[in-house]
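Participant: If you scroll down you'll find the structure; I have some questions about it.
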Amino acid sequence: MSSKVTDQSDVISPELMNKVKPAKWEEVPLVLNNRSFHWVTEKICGIVEQKTPTWWWWCFITALSIASFTGLGLVYLVSTGVGVWGNNNPVNWGWAIVNFVFWIGIGHAGTLISAVLCLLKQKWRTSINRASEAMTVFAVICAGIFPLFHVGRVWFAWWLFPIPNANAIWPQFRSPLEWDVFAVSTYATVSILFWYMGMIPDLAIIRDRAKETWRKYFYGVLAMGWRNANNHWRNFEMAYLLLAGLSTPLVLSVHTIVSFDFAVANLPGWHTTIFPPYFVAGAIFSGFGMVLTLLLPLRAIFRLHDLITEKHIHNMCKIILATGSMVGYAYAMEFFIAWYGANSYEGFAFINRAFGNYWWAYWIMVSCNVICPQLFWFKGIINNIPLVWIISIFVNIGMWFERFVIANTTLSRDFLPSSWGYYSPTVVDLFTFFGTFGFFSVLFLLFIRFLPLMPMAEVKSVMPAADPHGGKH
Amino acid sequence: MNIKYGVAATFNSAKSLFDAAGKVREEGYKEWECYTPIPVHGLDAQMGIGRSKVPRFTLAGGITGFCTGMLIVWYMNAFDYPLIVGGKPYFSMIYPFPVFYELTILFAAFGTLFGMFFLNRLPRHNHPIFEHPSFGRTGDDKYMIVIEVEDHKFDDEATPAFLKDVGGKSITVIREPVN
């Protein structure tokens, strides 16, 4: 690994430097092996221009077959009725809400990388932001399936939107579920806009390199006639910064409003003020888990080691460690407040969560979300890529169980012991959820086949050759 | 038939383009443009152009979104079909705030994107610059300055010579095909 050591000796007098003896700061470059701009262009465009690899077809066919499980599950649901899901009284929400929150949470890391890290001027984000934004868009699509079909008569789902209908009844804006409709649809739309706008200069590069006619038209239309002019870049950069600025409060609000679905309800275990920050931290935690799950294989397949360096992986591990610790703190704090608040219902809800009917789900959650990420303190573990990949999957499993635990422990043990029940999913639940992984993979595979995997201009911008002052700032 | 659009000169590094752009501005040219694979830091000031106007569109979008949010909640839940739910008021600034908030962001984002398109005069698929044989390289690793015929200082001989002086390589005349 080539690295450069910088000190301030050329601007500060040597006597002062001798007196202070500042520590040497080793700066690891973001693109390794002194690659040129042309290498970056060839590498990224090459992925979409090459002949479709055989592995891609195998993965695509497998993903498509898995996705058909969702299709079958939904067709059966619509033709028969919501009774085919395991939802029952008192657990009316079941897997639908669990899967919804799981997928929407995954999306949050993409926006965090593209927006929050952009505002914080974290240059390492450039090589991972495009794929993470794609992940966001596809995860939100998968999330949308569940509430859409959970409404029962899915052909009336448009009643959720403020559109006049034959009943002359409008949506009810006092319900957090209606806020959720606005939050999630805005999130999906803004994520797609941000993703697409960032892609325009890269689509133009592919357009200009295109040989086949379909390619010229396909990328030509998508690139909107972009021509790399400074005036274009000036407005583009401003628009990018503004969209980053808009997405940051958006991403924080979306999971906050998702948590309101629970927190605004007067149920023990849900009605807590810690929910919004705790949900946002959990969302970022699970999202980074998914980013690692997706990018580590891509890095190996496309040999992107110079672009997604060890530094990138270490940084992502650190974010998982930080947010995982926040989630662990939130779990502990919930218990503390349940005890300190001296509300017997709240106290019961938490004792029941850890030692009641769903104790196994609770302890899976704790081992995956609290214990697993703590392994990232160790250098030996974050340098072991296969192990990082396995831990990233455990993070995802843990976060799915977190939502399961929150939704089901509370609902299955409500205020009247006579209505207590035990929720188990049916095979239709299992099929529908399993299939969404295939659906997600289909979309992601199409993305890596046809769209630029990394923002080339942004990657080039963090390379030394991008500096118009020749390295002398 | 062809119409002359302008003269192009290429540069191999951000630094050489940056220095040349300063000289073009000092020379007094007005109708000219730099084509770069990356947004070059500080080039706007070097070319003598100001801040982008995209934020105005964002602000307009945001204000429209906020007002739209208030309007739909008030109209639907307090004016057209008032329903008593949970003892809450028909309209308030507080409970539907998430709706205002989300619509503010949604409309501001649309304002930003369409503002960017409008200010860049996109989509436009037929610009004369695309006739330059190696225009594609400006997305890869080449930098280019184009001075248009429209410029009041443009001269068939002096302008190409000037571009060569400031370090430009492969000086090319761009012609716009006209049917």
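The values are calculated or read from the model by the stated rules, or taken from the named source; none is laboratory data. All values derive from a computational prediction rather than experimental measurement. Neighbour counts are summed over all protein chains in view; Cβ atoms, including those assigned to glycine, are modelled from backbone coordinates with ideal geometry.
Participant: Applying the selection to segment A:85-112, what residues are modelled with pLDDT of 85 or more and of a type in the set (A, V, I, L, M)?
Facilitator: Selection gives A:V91, A:A96, A:I97, A:V98, A:V101, A:I104, A:I106, A:L112.
Participant: Tell me whether segment A:305-328 contains one or more residues that are farther than 30 Å from A:E42 by Cβ, in a helix (DSSP H, G or I), among the hydrophobic types (A, V, I, L, M, F, W, C) and over 21 Å from the mean Cα position of the chain (by Cα). Give the derivation first.
Facilitator: The initial filter retains those residues of segment A:305-328 that are farther than 30 Å from A:E42 by Cβ, namely A:318-328.
Still in the list and also in a helix (DSSP H, G or I): A:318-328.
With the extra rule that they be among the hydrophobic types (A, V, I, L, M, F, W, C), the set shrinks to A:319-322, A:326-327.
Those still in the list that are over 21 Å from the mean Cα position of the chain (by Cα) too: none.
So far as segment A:305-328 goes, no, none of its residues is farther than 30 Å from A:E42 by Cβ, in a helix (DSSP H, G or I), among the hydrophobic types (A, V, I, L, M, F, W, C) and over 21 Å from the mean Cα position of the chain (by Cα).
Participant: I would also like to ask the following. Given the conditions (1) crowded, with 18+ Cβ neighbours inside 10 Å; (2) farther than 23 Å from A:W39 by Cβ; (3) free of Cβ contacts under 8 Å to residues at least 60 places away in the same chain, which single one is not true for A:S412?
Facilitator: Single failed check for A:S412: (3).
Participant: Count, please, the residues in segment A:329-347 that happen to be among the aliphatic types (A, V, I, L, M), part of a helix (DSSP H, G or I) and loosely packed, with under 14 Cβ neighbours inside 10 Å.
Facilitator: Going through segment A:329-347, the residues among the aliphatic types (A, V, I, L, M) turn out to be A:330, A:332-333, A:337-338, A:342.
Right, trim to part of a helix (DSSP H, G or I) and you get A:330, A:332-333, A:337-338.
Checking the rest, the ones that are also loosely packed, with under 14 Cβ neighbours inside 10 Å come to A:332.
Counting residues in segment A:329-347 that are among the aliphatic types (A, V, I, L, M), part of a helix (DSSP H, G or I) and loosely packed, with under 14 Cβ neighbours inside 10 Å gives 1.
Participant: Additional query: Being more than 30 Å from A:A457 (Cα to Cα), more than 7 Å from chain A (Cβ to nearest Cβ) and in contact (Cβ under 8 Å) with a residue 60 or more places away in the chain narrows it down to one of B:V178, B:V166, so name that one.
Facilitator: Details: B:V166 fails: more than 30 Å from A:A457 (Cα to Cα).
Every option except B:V178 fails the conditions.
Participant: Hey, any hits in segment A:454-466 for a residue that's under 26 Å from A:R207 (Cα atoms), more than 10 Å from chain B (Cβ to nearest Cβ) and basic (K, R)?
Facilitator: The initial filter retains those residues of segment A:454-466 that are under 26 Å from A:R207 (Cα atoms), namely A:454-463, A:465-466.
Now narrow it down to the ones that are more than 10 Å from chain B (Cβ to nearest Cβ): A:454-455.
Checking which are basic (K, R) leaves us with none.
Among the residues of segment A:454-466, not one is under 26 Å from A:R207 (Cα atoms), more than 10 Å from chain B (Cβ to nearest Cβ) and basic (K, R), which makes the answer no.
Participant: Among (1) touching a helix residue (DSSP H, G or I) at 6+ places or on another chain (Cβ under 6 Å); (2) of a type outside the set (K, R); (3) under 25 Å from A:L193 (Cα atoms), which single condition is B:F97 missing?
Facilitator: Answer for B:F97: the failing condition is (1).
Participant: Please list, ordered by first then second residue, the pairs with beta carbon atoms under 8 Å, 6 or more apart or interchain, first in segment A:65-91 and closer than 12 Å to A:F149 by Cβ, second polar (S, T, N, Q) and in a loop (DSSP other than H, G, I, E, B).
Facilitator: Every condition considered, the pairs that remain are A:V84/A:T426; A:W85/A:T426.
Participant: Additional query: Given (1) touching a residue at least 24 places away in the same chain (Cβ under 8 Å); (2) in a helix (DSSP H, G or I); (3) surrounded by 22 or more Cβ atoms within 10 Å (Cβ to Cβ); (4) facing another protein chain (nearest Cβ under 10 Å), identify the lone condition not met by A:R234.
Facilitator: Here A:R234 clears every test but (1).
Participant: Being more than 14 Å from every other protein chain (Cβ to nearest Cβ) and either hydrophobic (A, V, I, L, M, F, W, C) or in a helix (DSSP H, G or I) (or both): is that true of A:G152 here?
Facilitator: Numbers: more than 14 Å from every other protein chain (Cβ to nearest Cβ): yes; either hydrophobic (A, V, I, L, M, F, W, C) or in a helix (DSSP H, G or I) (or both): no.
No.
Participant: Which residues, taken from segment A:157-216, are in contact (Cβ under 8 Å) with a residue 40 or more places away in the chain, farther than 17 Å from B:L103 by Cα and within 22 Å of the chain's Cα centre (by Cα)?
Facilitator: Selection gives A:W195, A:M197, A:G198, A:M199.
Participant: Yes or no: segment B:3-11 includes at least one residue that is farther than 26 Å from A:I205 by Cβ and either of a type outside the set (G, A, S) or surrounded by fewer than 22 Cβ atoms within 10 Å (Cβ to Cβ) (or both). Before you say what the answer is, go through the steps one by one.
Facilitator: Here is the first cut: in segment B:3-11, the residues farther than 26 Å from A:I205 by Cβ are B:3-4.
Within this subset, residues satisfying the condition of being either of a type outside the set (G, A, S) or surrounded by fewer than 22 Cβ atoms within 10 Å (Cβ to Cβ) (or both) are B:3-4.
There is at least one residue in segment B:3-11 that is farther than 26 Å from A:I205 by Cβ and either of a type outside the set (G, A, S) or surrounded by fewer than 22 Cβ atoms within 10 Å (Cβ to Cβ) (or both).
Participant: What number of residues within segment A:160-171 satisfy the criterion of being surrounded by fewer than 15 Cβ atoms within 10 Å (Cβ to Cβ) and more than 12 Å from chain B (Cβ to nearest Cβ)?
Facilitator: Just the residues of segment A:160-171 that are surrounded by fewer than 15 Cβ atoms within 10 Å (Cβ to Cβ), to begin with: A:161, A:163-169.
Those left that are additionally more than 12 Å from chain B (Cβ to nearest Cβ): A:166.
Matching residues across segment A:160-171 total 1.
Participant: Still on this structure: Conditions first: (1) touching a Phe, Trp or Tyr at 6+ places or on another chain (Cβ under 8 Å); (2) within 29 Å of A:P464 (Cβ to Cβ); (3) within 13 Å of another protein chain (Cβ to nearest Cβ). B:G136 passes all but one, so which condition is the exception?
Facilitator: Answer for B:G136: the failing condition is (1).
Participant: Of the residues that sit in segment A:195-228 and are within 8 Å of chain B (Cβ to nearest Cβ) and not in a helix (DSSP H, G or I), which one is surrounded by the most Cβ atoms within 10 Å (Cβ to Cβ)?
Facilitator: Taking the candidates together, the pick is A:N228.
Participant: Still on this structure: Name the one entry in B:F57, B:F130, B:F117 that is over 21 Å from A:L243 (Cβ atoms), within 9 Å of another protein chain (Cβ to nearest Cβ) and among the hydrophobic types (A, V, I, L, M, F, W, C).
Facilitator: Numbers: B:F57 fails: over 21 Å from A:L243 (Cβ atoms); B:F117 fails: over 21 Å from A:L243 (Cβ atoms).
Every option except B:F130 fails the conditions.
Participant: While we're here: Can you tell me which condition A:H38 does not meet? The list is (1) within 23 Å of A:S132 (Cα to Cα); (2) within 14 Å of chain B (Cβ to nearest Cβ), and all the others hold.
Facilitator: Here A:H38 meets the rest and fails (1).
Participant: Another question, then. Can we say A:P53 is free of Cβ contacts under 8 Å to residues at least 40 places away in the same chain and surrounded by 11 or more Cβ atoms within 10 Å (Cβ to Cβ)? Give the steps one after another, and end with the answer.
Facilitator: On the way: free of Cβ contacts under 8 Å to residues at least 40 places away in the same chain: yes; surrounded by 11 or more Cβ atoms within 10 Å (Cβ to Cβ): yes.
So A:P53 passes the test.
Participant: Then there is this: May I ask you to say which residue of A:V405, A:V459 is surrounded by 22 or more Cβ atoms within 10 Å (Cβ to Cβ), under 30 Å from A:F218 (Cβ atoms) and more than 17 Å from the chain's Cα centre (by Cα)? Write out each step before concluding.
Facilitator: Values: A:V405 fails: under 30 Å from A:F218 (Cβ atoms).
So the residue among A:V405, A:V459 that is surrounded by 22 or more Cβ atoms within 10 Å (Cβ to Cβ), under 30 Å from A:F218 (Cβ atoms) and more than 17 Å from the chain's Cα centre (by Cα) is A:V459.
Participant: Sticking with this structure for a sec: How many residues does segment B:1-36 contain that are away from every other protein chain (no Cβ under 12 Å), outside any strand (DSSP E or B), within 11 Å of B:G167 (Cβ to Cβ) and touching a Ser or Thr at 6+ places or on another chain (Cβ under 9 Å)?
Facilitator: Looking only at that region, the number is 0.
Participant: Counting just the residues of segment A:172-194 that are touching a Pro at 6+ places or on another chain (Cβ under 9 Å) and more than 7 Å from every other protein chain (Cβ to nearest Cβ), which one comes out farthest from A:F450 (Cα to Cα)?
Facilitator: Pass one, segment A:172-194, residues touching a Pro at 6+ places or on another chain (Cβ under 9 Å): A:173-174, A:176-184.
After this cut, where a residue has to be more than 7 Å from every other protein chain (Cβ to nearest Cβ) as well, the list is A:176-178, A:180-181, A:184.
On the way: A:P176: 38, A:L177: 36, A:E178: 36, A:D180: 32, A:V181: 31, A:V184: 26 Å.
Applying the filter and picking the extreme gives A:P176.
Participant: Can you name every residue in segment A:237-252 that is in contact (Cβ under 8 Å) with a residue 12 or more places away in the chain and within 7 Å of chain B (Cβ to nearest Cβ)?
Facilitator: Applying the first criterion (in contact (Cβ under 8 Å) with a residue 12 or more places away in the chain) to segment A:237-252 yields A:239-241, A:243-248, A:250-252.
Residues satisfying the conditions are A:A239, A:L243, A:L246, A:L250.
Participant: For segment B:37-127, please list each of the helices (runs of 4 or more DSSP H) lying entirely inside it that holds at least 1 residues being crowded, with 19+ Cβ neighbours inside 10 Å, touching a residue at least 12 places away in the same chain (Cβ under 8 Å) and among the acidic types (D, E). Steps first, please.
Facilitator: Details: elements: B:43-47, B:54-74, B:97-119.
Passing ranges, in order: B:97-119.
Participant: Given the criterion in contact with a Lys or Arg (Cβ under 9 Å, 6 or more places away or on another chain) and not hydroxyl-bearing (S, T, Y), identify the matching residue among A:V388, A:V459, A:V427, A:V405. Before you say what the answer is, go through the steps one by one.
Facilitator: Working: A:V388 fails: in contact with a Lys or Arg (Cβ under 9 Å, 6 or more places away or on another chain); A:V459 fails: in contact with a Lys or Arg (Cβ under 9 Å, 6 or more places away or on another chain); A:V427 fails: in contact with a Lys or Arg (Cβ under 9 Å, 6 or more places away or on another chain).
Just a single option satisfies the conditions, and that option is A:V405.
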